[in-house]
Amino acid sequence: MAMIEFKNVEKYFGNFHALKDINLTFEKGEVVVVIGPSGSGKSTLLRTINGLETISSGNLLINDQDIRSKQTKLTEIRKNIGMVFQHFNLYPNKTVLENITLAPTKVLNRNEKEAKDAAERLLDRVGMLDKKDSYPSTLSGGQQQRVAIARGLAMQPEMLLFDEPTSALDPEMIGDVLDVMKQLAREGMSMIVVTHEMNFARDVADRVIFMADGQVLEDSYDVEGFFEQPSERRAQQFLNKVV
Ligand code: ADP
Ligand code: MG
């Protein structure tokens with residue numbers, strides 16, 4: 001069953017047509033990479049999935065629930081579909097551990113001990129356990145992003161969305177964050193990743209989507225084939241520039 005389904009979705013910002021007739025389904029367990037030039041609608045696509053942007057027309061179903069239906073609770077969707085942003089947005093006056101236990105205790109009503117144990121396991125997984133009592137400002141960007149990923153995982157989401165998670169990082173920090181994401185992908189986490197890291201895309205993606213001007217121009221399960229020889233000229237031009 002499709003977990004996410006876009007049917008003829010359009011998105012306008014005023015007169016600007018940001019998403020054009022989007023028809024896509026995402027299944028549980030898929031690792032999908034979304035690439036394309038700046039301004040092509042990649043972030044907008046992700047943001048509609050957890051209701052950070054509304055759609056203008058068409059249907060967007062999350063686990064068979066229409067995102068625009070009155071019965072649909074965005075808070076439930078956001079519990080189930082986590083998002084990791086370019087700028088990690090950790091709470092500056094909370095420790096690393098507190099950043100991770102906050103939502104599980106407040107939103108999922110986990111008890112403190114349970115939440116703390118789970119947070120420590122997640123921090124260990126992203127290689128940040130030794131920094132659990134540190135404050136975000138004392139960490140590098142790459143370390144903060146790994147904490148942000150652990151925070152996303154703490155809600156035990158069915159899927160994680162990543163919007164250029166390494167774009168704001170110094171080059172020497174990127175590898176550690178990508179390694180954490182690769183590990184998640186191997187463990188079967190459902191992920192949609194907007195990225196300019198083409199080696200990462202080639203390495204982990206089950207499927208690659210290429211967007212330009214608000215449209216999906218390619219949607220391929222033959223990831224290696226796409227990178228060798230995309231069928232769209234726009235995709236070829238894009239790859240020539242970034243690779
Ligand atoms: P990408 O992530 O591929 O770079 P975006 O989804 O951020 O692209 O943006 C697609 C287009 O929509 C861009 O031209 C951008 O300027 C425009 N856009 C995005 N968000 C808004 C907004 N809140 N208001 C007006 N225009 C927007
Ligand atoms: Mg973007």
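Summing Cβ point charges (Lys, Arg +1; Asp, Glu -1) relative to the Cα centre of the chain gives a dipole of roughly 780 debye.
Apply the a/c threshold of 1.5 to the C-alpha gyration tensor of segment 105-144 and tell me whether it is rounded, prolate or oblate. Judged from the Cα gyration tensor, segment 105-144 comes out prolate (a/c at least 1.5, a/b above b/c). Could you give the distance between the Cα centres of segment 38-88 and segment 183-243, to the whole Å? Between the Cα centre of segment 38-88 and that of segment 183-243, the gap is 21 Å. Here the residues 54, 105, 25, ranked from fewest to most Cβ neighbours within 10 Å of their Cβ, fall in the order 54, 25, 105.
Residues of segment 20-43 falling in the label zone of residue 237, defined by backbone nitrogen less than 15 Å from a point 7 Å along Cα to beta-carbon, are 36-40.
The trypsin sites (Lys or Arg not before Pro) of segment 74-150 that meet both conditions, a loop assignment by DSSP and at most 14 other Cβ atoms within 10 Å of the site Cβ, are 94.
Which shape class, rounded, prolate or oblate, goes with segment 1-61 when its Cα gyration tensor gives a ≥ b ≥ c as root eigenvalues, a/c under 1.5 marks rounded, and past that a/b bigger than b/c marks prolate? If you can, show how the numbers build up before the last one.
On the way: a/c = 2.03, a/b = 1.36, b/c = 1.49.
Oblate shape, in that a/c is at least 1.5 and b/c is the bigger or equal ratio.
Converting phi to 3J(HN,Hα) with the Karplus coefficients 6.51, -1.76 and 1.60 and the offset θ = phi - 60°, segment 43-50 yields 5, 4, 4, 4, 5, 5, 5, 10 Hz in sequence order, with x at every glycine or proline. In this label model, residue 221 and residue 202 are separated by 2.3 nm, measuring between points 7 Å along each Cα→Cβ vector. Let me know the shape class of segment 84-243, please: from the alpha-carbon gyration tensor, a ≥ b ≥ c as square roots of the eigenvalues, rounded when a/c is under 1.5, otherwise prolate if a/b is greater than b/c, or oblate. In terms of gyration-tensor shape, prolate. Axis angle, to the nearest 10 degrees, between helix 233-242 and the longest C-alpha principal axis of the chain: 40 degrees.
Positive contributions from Lys and Arg (+1) and negative ones from Asp and Glu (-1), summed over other residues with Cβ under 14 Å from the Cβ of residue 23, come out at -2. Listed by chain and number, the aspartates and glutamates placed with their C-alpha closer than 12 angstrom to that of residue 106 are 98; residues fewer than eight positions away on the same chain are left out. Between residue 69 and residue 27, the simple spin-label model (points 7 angstrom out along Cα→Cβ) gives 2.3 nm.
The label-point distance for residue 109 and residue 213, in a model that sets each label 7 Å from Cα toward Cβ, rounds to 5.2 nm.
The numbers here are math on the coordinates, done by the rules we state, and not lab data. Since we're looking at a predicted model, the values are computed, not measured. Please note: Cβ atoms are built from the backbone with ideal geometry, for glycine as well, and neighbour counts cover all protein chains shown.
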